[in-house]
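**Student:** Let me give you the structure first, and then I'll get to my questions.
The values are calculated or read from the model by the stated rules, or taken from the named source; none is laboratory data. Remember, predicted model here, so these are calculated numbers, not experimental data. Please note: Cβ atoms are built from the backbone with ideal geometry, for glycine as well, and neighbour counts cover all protein chains shown.
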Amino acid sequence: DKVLSWVKTCLSKNIQELTLDFSKSKKVMDLSVDLSAIEALIVLKLRWCKFEIPNNTPKGLRLLRTLALMKSKVTPEMIDAILSNCIHLETLELTRCITHGVLSINAHNHKRFKELVLYCMPNRLQIILDAPTLECYKYEEFVRILDFSRVDALKEAKLHYIQNYSWRYYDSSYMVLANMVAYTGVHFLSTTNIFLEVCNPKANQQPLLLAGVSYPEQESGESEAISQP
């Protein structure tokens, strides 16, 4: 297989950045290569490419700073293994990954973990985040309960909440309100109308604003909040 041969050639040269995008094939590619054993990688981005960690014990990736996965199966054990092994990790991005139940990000021992991106994973019911160095949190999906244990450094939050029309009695209001405490200290907040409608249920009332931010209106349906000078 030419693709497999090319990947092995790249890895044999101790490359530091590897991006594999098989999204055009519409099928998740299995390269049968243990990418978690590569020592030199600093950036690893996989789109529609299978990623596994044998026995949840990576032999490499100790220098990894950026990991972006799309359409990969993600288990709690895998996340724990990544965070335990990749001590220099700065950015973790999960897009359309297969995961269920609670997603727990335990990065309390990390000193460089700054950005978490979670896009389009509808089967995830709750997010538990313990990351005292996290500065940027980006989220796109249905509203879910968010438990921010330690996020003292959080400066930026981008929340693209999606309305769930498949559940007849689904009401995200209480979850939006419950999650708001996590964002009271951010400097920049970008969000959608679902967030603002809960804060301002009646058009003739003033919305509930987060401390230190302002809410300019946008016709696109998405609003942004920026820190006051």
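**Student:** Just the residues that are within 13 Å of the chain's Cα centre (by Cα), hydrophobic (A, V, I, L, M, F, W, C) and part of a loop (DSSP other than H, G, I, E, B), please, taken from the range 67-113.
**Tutor:** Once the filter is applied, which keeps residues that are within 13 Å of the chain's Cα centre (by Cα), hydrophobic (A, V, I, L, M, F, W, C) and part of a loop (DSSP other than H, G, I, E, B), the range 67-113 yields Val74, Cys97, Phe113.
**Student:** Every residue in the range 24-47 that is of a type in the set (Ser, Thr, Tyr), touching a residue at least 24 places away in the same chain (Cβ under 8 Å) and surrounded by fewer than 14 Cβ atoms within 10 Å (Cβ to Cβ), please.
**Tutor:** Step one: of the range 24-47, the residues of a type in the set (Ser, Thr, Tyr) are 25, 32, 36.
Those still in the list that are touching a residue at least 24 places away in the same chain (Cβ under 8 Å) too: 32, 36.
Ser32 - this is the single residue of the range 24-47 that is of a type in the set (Ser, Thr, Tyr), touching a residue at least 24 places away in the same chain (Cβ under 8 Å) and surrounded by fewer than 14 Cβ atoms within 10 Å (Cβ to Cβ).
**Student:** Regarding the range 181-196, can at least one residue be identified that is more than 30 Å from Lys111 (Cα to Cα), in contact with a Leu (Cβ under 7 Å, 6 or more places away or on another chain) and modelled with pLDDT under 80?
**Tutor:** Yes.
**Student:** Applying the selection to the range 84-96, what residues are at negative phi and either surrounded by fewer than 21 Cβ atoms within 10 Å (Cβ to Cβ) or touching a strand residue (DSSP E or B) at 6+ places or on another chain (Cβ under 6 Å) (or both)?
**Tutor:** Listed by number, the residues that qualify are Ser84, Asn85, Ile87, His88, Glu90, Thr91, Leu92, Glu93, Leu94, Thr95.
**Student:** Is it the case that Asn55 is part of a loop (DSSP other than H, G, I, E, B) and farther than 26 Å from Glu156 by Cα?
**Tutor:** So Asn55 does not fit the description; no.
**Student:** Same structure again: Would you point out which residue out of Thr57, Thr19, Thr75 is of a type outside the set (A, V, I, L, M) and closer than 24 Å to Glu141 by Cα?
**Tutor:** Thr75
**Student:** Then there's this: Going by the conditions given, is Val143 farther than 29 Å from Cys10 by Cβ and buried (at least 17 other Cβ atoms within 10 Å of the Cβ)? Write out each step before concluding.
**Tutor:** Working: farther than 29 Å from Cys10 by Cβ: yes; buried (at least 17 other Cβ atoms within 10 Å of the Cβ): yes.
Against the criterion (farther than 29 Å from Cys10 by Cβ and buried (at least 17 other Cβ atoms within 10 Å of the Cβ)), Val143 qualifies.
**Student:** If His88 satisfies every condition in (1) modelled with pLDDT under 90; (2) touching a Lys or Arg at 6+ places or on another chain (Cβ under 7 Å) but one, which is the exception?
**Tutor:** (1)
**Student:** Moving to a separate point now. (1) at pLDDT 85 or above; (2) in contact with an Asp or Glu (Cβ under 9 Å, 6 or more places away or on another chain): which one isn't true of Lys111, the others all being true?
**Tutor:** Looking at each condition in turn, Lys111 falls short on (2).
**Student:** Tell me whether the range 121-135 contains one or more residues that are part of a loop (DSSP other than H, G, I, E, B) and surrounded by fewer than 16 Cβ atoms within 10 Å (Cβ to Cβ).
**Tutor:** yes
**Student:** Okay, next question. Quick check on my filter: what residues within the range 3-23 are without any contact (Cβ under 8 Å) to a residue 24 or more places away in the chain and of a type in the set (Lys, Arg)?
**Tutor:** Lys13, the sole residue that qualifies.
**Student:** In contact with a Ser or Thr (Cβ under 6 Å, 6 or more places away or on another chain), assigned to a strand (DSSP E or B), among the hydrophobic types (A, V, I, L, M, F, W, C) and modelled with pLDDT under 90: which single residue out of Leu146, Leu159 fits that description?
**Tutor:** Going through Leu146, Leu159 in turn, the sole match is Leu159.
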